[in-house]
Amino acid sequence: MMACLWIPARRGRWQALFVTLCLFELSSVAGQARYSVPEEQAEGSFVGNIARDLGLDVTRLISGKARIITKGSRQYVDLNRDKGSLVIKERIDREELCGKTTPCSFSFELILENPIQLYRVTVEVIDINDNSPSFPKGEIHLNIVESVTSGTRFSLESADDPDVGINDIQKYVLTPSDHFKLEVQIQPDGGKFIEMVLQTPLDREKEETHNLVLIASDGGEPHRSGTVRIHITVLDANDNAPVCSQPVYKAEVKENSPTGTVVTSVSATDADKGVYGEVTFSISHVAKESKHIFEVNIKTGELKVAGNLDFEKSKTFQLNVKASDHGGHSDTCKVIIQIIDENDNIPTIQLMSFSNSISEDSPPGTTIAVMNVDDEDSDGNGVVKCSINSDIPFKIESSLTGYYTIVTEDYLDRENIPEYNITITVSDQGSPPLTSSKNINVKISDVNDSPPRFEQSEYIKTLPENNSPGFSVFTLSASDSDWGQNARVSYFLEEKEINGAAVTSLVSVNSENGVIHAVRSFDYEQIKWFEFNVTARDAGSPPLSSVATVKILIQDQNDNPPQVLYPVQTGGSLVAEMVPRSADVGYLVTKVVAVDVDSGQNAWLSYKLQKATDRALFEVGLQNGEIRTIRQVTDKDAVKQRLSVIVEDNGQPSRSATVIVNVVVADSFPEVLSEFTDFTQDKEYNDNLTFYLVLALAVVSFLFITCLVVIISVKIYRWRQSRIMFHSNLPVIPYYPPRYSDTLGTGTLQHVYNYEVCRTTDSRKSDCKFGGAGSQNVLIMDPSSTGTMQRIQSEKSILDEPDSPLEVS
Ligand SMILES: *[C@@H]1O[C@H](CO)[C@@H](O)[C@H](O)[C@H]1NC(C)=O
Ligand SMILES: *[C@@H]1O[C@H](CO)[C@@H](O)[C@H](O)[C@H]1NC(C)=O
């Protein structure tokens, strides 16, 4: 059985004190009492009247030697046996005794002897607010990155208050509370967990540190509190991007600026600190073609030229310079770079169409070239002017912008200037101007506007007779100032009859080179001169031609010996001249008459006495062949006189004939007869002469027939040739006689000149001097005398009167 008795405490400072006395029906434990006492009571402070509470008498306490038995080492309460009360023996610190355990109590035994009685006494220690809340550290340092978001929690160490109950920490207060708010959480074990919750974001850039105070206060009376200082350092977050100083940078730079030329400088600021505030620059988002043209200094933001700037390729560049901090933020500064044109492009000339040949009959204004002129530069640097050299009959015209045509300004004459060099010059208006030029060569193409032209309109040429057939007389030449086919001259003989014979039977002309050949051998004694026309024709279309008259003079050669006409030389008969003995000095015995079919000097005969019976008796007139006595005939002179007279012409070499003149010096005919037979002694001589004459005749006849055959064949051949030529439309294939070498020397000319000299002077009266053999003679012309003189006369008339060209002997 158990009985508990609660006794209110008689003495209590703050509260009613109850002593509970529970008496247990135990053999050992007679009862128990319970007291409550505030902590921190002074020594000797009354706890409770144990004697009364246990129902014991004080005397019993004394007799029973009542004493307290404590289990622990410390005894907080002592027994006052005399008064029967319990008092504080040692100051009680509840916090030490129980900590946070509540309620806090300790118990001890009260033991009595005689009889032994055991009582349990329990003393409850009541808490008083004797402790303040305290924080583990007086200061708290927190580093918070400014970028943390609202709602982020920061746990704080809670304060501690050893007191319990109301004396324990009742509330926390955080001041100031503009960024943070305090949240206190009660953990399941009753512990408190305090957290700071970020209410509004932090900004290092505004406030770098925050100082807060956390106050913990208990609920005791009076309140006790503890504080802790919270130092918050706001750490920089890279919350600021770099900012370009200008949103758009504009710069200008000349093209062809060397590498390293500073274009502009970009700058950017970053409000962040440290690496987050360090700005670096780079070029971003660049078109491929302008990638390596600029470079930016990573640190300073200086923008430099790094490549070739060509205005013609790109007039502006837009760069994005990225300013970045080390935290991944960036800004982009736009840079617009204007390239300034420089006069660095030479104007170009491009021939669009060009005819390098122009016909000389093109009218003025004919276009010969179209060209395009271009300069890639802009403005004045790209404005071009085009010109050509001025000394030529061409001018330049501008048709469209940038297009020019070169046209003729005047009529052209290829024969005068066959080609032109045109220099086209273009220059721009830059400073200094750039120029370029181009040469074009224009050839003037020929038009058949010039006929062939002979040097003379009339040619007079001499041809020695007895020429070999095919002998080239001379070369005609006509020049044609045209070009090519238009200047290819061919020569043609004009059809004509000369004395009943076609001109082609006399001469031929090489159509190619104009060489005039004699077709046959000419005999001066048959034809003295002839003339014909030669046409020179070019190969143009239509062809042009001109005509020259050629006069051929056959020149005499000494091909005929003098012929003695009198005295007639007969084989057997004897002809003699009679000279009377009474004849005076200068008596004309006879006259040797000889002719020479040649002409000129070749026909000028002289007579000489070659042999004579008596050289002192006769003389022969050198020019007239008159045989005269030079002294008185005497009786002593022989009857028969034989004279041998040689007749020589004046040719080179001279030819001669000899004539025998028998002279009888007698007074009567019978006298002559008596002497007649004596002449027969000359018979042998005459026989020999006859033989040679016959032989000569035969040879001459043979030669003549041969000549005739040759001439006829040549004629037939020529006739057939000409028929072929005239009946075909094919280009003329001229007849080329075989080439004969010019066997006749120029010596023949000598005769011509000699001849001419005599012809032009009046030969009847004046002296005509000749070189060589003729020079020794003084010729006195007697119109009535010899046939030789007549021959000269007739020749003169032929030459003076060209309308009777032929004299056939
Ligand atoms: C044109 O130029 C060429 C070559 O440069 C030269 O041979 C020729 O003689 C020149 N012609 C004229 C007409 O100047
Ligand atoms: C040559 O031609 C001209 C005219 O072209 C003419 O007058 C002259 O008579 C001609 N002469 C001969 C020898 O045919």
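The values are calculated or read from the model by the stated rules, or taken from the named source; none is laboratory data. No experiment lies behind these values; they were computed from the predicted model shown. Neighbour counts are summed over all protein chains in view; Cβ atoms, including those assigned to glycine, are modelled from backbone coordinates with ideal geometry. Please note that ligands, DNA and RNA were not included when accessible areas were found on the heavy atoms of the full protein model with its side chains. Shrake-Rupley method; radii C 1.70, N 1.55, O 1.52, S 1.80 Å.
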(request) Filter the trypsin sites (Lys or Arg not before Pro) in region 601-655 down to the DSSP loop ones having no more than 11 other Cβ atoms within 10 Å, then list what survives. (result) R615, K636
(message) On alpha carbon coordinates alone, what is the Rg over Rh value for region 243-340, Rh being the Kirkwood radius?
(response) 1.00
(request) Report the equivalent ellipsoid semi-axes for region 435-508 in whole Å, largest first, defined as the square roots of five times the eigenvalues of the gyration tensor built from alpha carbon atoms. (result) 43, 14, 10
(request) Would you pull out the residues with amide H under 5 Å of T264's amide H, same chain only if 5 or more places away, H placed 1.01 Å from N? (result) L303
(request) Could you work out, for region 230-287, what percent of all Cα-Cα pairs fall into each 5 Å distance bin, beginning at 0 Å and stopping at the bin that holds the largest distance? (result) 4, 13, 16, 18, 16, 11, 8, 6, 3, 2, 1, 1, 0
(request) For region 473-579, give the percent of accessible area contributed by carbon and sulfur heavy atoms, probe 1.4 Å, rounded to a whole number. (result) 49 percent
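Run through every distinct alpha carbon pair of region 139-235 and return the Kirkwood hydrodynamic radius in angstroms, one decimal place.
With all distinct Cα pairs of region 139-235 included, I get 14.2 Å.
Count charges around E208 for me, please; just the other residues with Cβ under 12 Å from its Cβ, Lys/Arg as +1, Asp/Glu as -1.
-2
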(request) At 1.4 Å probe size, with every protein chain present, just tell me what the per residue accessible area of region 453-555 comes to in Å². (result) 41 Å²
(message) Which aspartates and glutamates, if any, have their Cα less than 17 Å from the Cα of K315, not counting same-chain residues under 8 positions apart?
(response) E252, E255, E289, D341, E342, D344, D375, E376, D377, D379
(message) Before I look further, what does region 139-235 give for accessible area per residue, probe 1.4 Å, in whole square angstrom?
(response) 53 Å²
(message) Filter K100/K181; K65/K89; K288/K313 down to the pairs with a C-alpha to C-alpha distance above 24 Å, please.
(response) K100/K181
(message) Using just the Cα positions, wrap region 31-126 in a convex hull and report its mean projected area in square nanometres, one decimal place.
(response) 5.5 nm²
